[in-house]
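Novice: This structure is in structure tokens; I'll ask about it shortly.
The values are calculated or read from the model by the stated rules, or taken from the named source; none is laboratory data. Remember, predicted model here, so these are calculated numbers, not experimental data. Counting neighbours? That spans all protein chains shown, and the Cβs are built from the backbone with ideal geometry, glycine included. Accessible surface is based on the protein model in full, side chains and every heavy atom, while ligands, DNA and RNA are left aside. Shrake-Rupley method; radii C 1.70, N 1.55, O 1.52, S 1.80 Å.
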Amino acid sequence: MGHKDADVCEIYYVNEAHVRSARRVLSPEREILSLAEIFRTLGDPTRVKILQALSVEELCVCDLAKLLGISESATSHQLRVLRSQKLVRFRKEGKMAFYSLDDSHIDSLMKEALRHVREGADQVRESTERIRESAG
């Protein structure tokens, strides 16, 4: 049991000035809850693929279903989830339903998150290369 976690404080001390400063920048609770719900929605790989595809161009449900390799019904369900969070919008043209990103913020959010993922992968790759070089 005597194991100490290196990633926690070893003594209890609260810097009240830091807490006040951080508290001032916190968003209102309703915004925090909405943001958390968007991230929950983005936590599904199928929905991420849909958003990436729609960042290129508007697509109909049939196109998305073919791209994803899932049924039109399953695709429509995922699109309804994305619409409920105002991440995508649709328009009807005759009997076709076309989807697009709701606005440019969605594209920016996805690109920034992907940049973060790729930077992390680059750091792991560089670290692995350094280990191999020092071992060899």
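Novice: For HIS18, HIS77, what's the largest-to-smallest order of accessible area, 1.4 Å probe?
Specialist: Of HIS18, HIS77, the descending order of accessible area is HIS18, HIS77.
Novice: Still on this structure: Below 27 Å Cα-Cα, how many Lys pairs turn up in the chain? Only count pairs eight or more apart in sequence, or on different chains, if you could.
Specialist: Eligible lysine pairs with Cα atoms under 27 Å apart amount to 11.
Novice: Find which of SER73, LEU33, ILE106 sits farthest along the positive direction of the dipole of the chain, computed with +1 on the beta-carbon of Lys and Arg, -1 on that of Asp and Glu, about the Cα centre.
Specialist: The residue sitting most towards the positive pole is SER73.
Novice: For the chain, the longest stretch holding no GluC sites (Glu not before Pro) located in a DSSP loop with at most 10 other Cβ atoms within 10 Å is which? Numbers along the way, then the final one.
Specialist: On the way: sites that count: GLU10, GLU57.
Counting only loop sites that pass the neighbour cut-off, the longest clear stretch is 58-136.
Novice: How much of the accessible area of the range 41-136, in percent, comes from carbon and sulfur atoms when a 1.4 Å probe is used?
Specialist: Heavy-atom surface of the range 41-136 belonging to carbon and sulfur, 1.4 Å probe: 51 percent.
Novice: Within the range 1-73, list the chymotrypsin sites (Phe, Trp or Tyr not before Pro) lying in a DSSP loop whose Cβ has at most 16 other Cβ atoms in a 10 Å radius.
Specialist: Qualifying residues, ordered by number: TYR12, TYR13.
Novice: For CYS60, enumerate residues with amide H under 5 Å from its amide H, sequence gap 5+ or separate chain, H modeled in the peptide plane.
Specialist: So CYS60 has HN proximity to TYR99.
Novice: At 1.4 Å probe size, put LEU79, LEU68 in order of accessible surface, largest to smallest.
Specialist: LEU68, LEU79
Novice: When the Cα centres of the range 1-74 and the range 95-114 are compared, how far apart do they sit, in Å?
Specialist: Centre-to-centre (Cα) distance: 16 Å.
Novice: Taking DSSP loops as anything outside H, G, I, E and B, show the longest stretch in the chain free of trypsin sites (Lys or Arg not before Pro) there with at most 14 other beta carbons within 10 Å.
Specialist: 5-85
Novice: What base-10 log of the normalised intensity I(q)/I(0) is obtained for the chain from the Debye formula, alpha carbons as equal point scatterers, at q = 0.16 Å⁻¹?
Specialist: For the chain, the Cα-only Debye profile gives -0.94.
Novice: Give me the number: length gained by fully extending HIS77 to HIS18, i.e. 0.36 nm times residue separation minus the C-alpha to C-alpha distance, one decimal in nm.
Specialist: 16.8 nm
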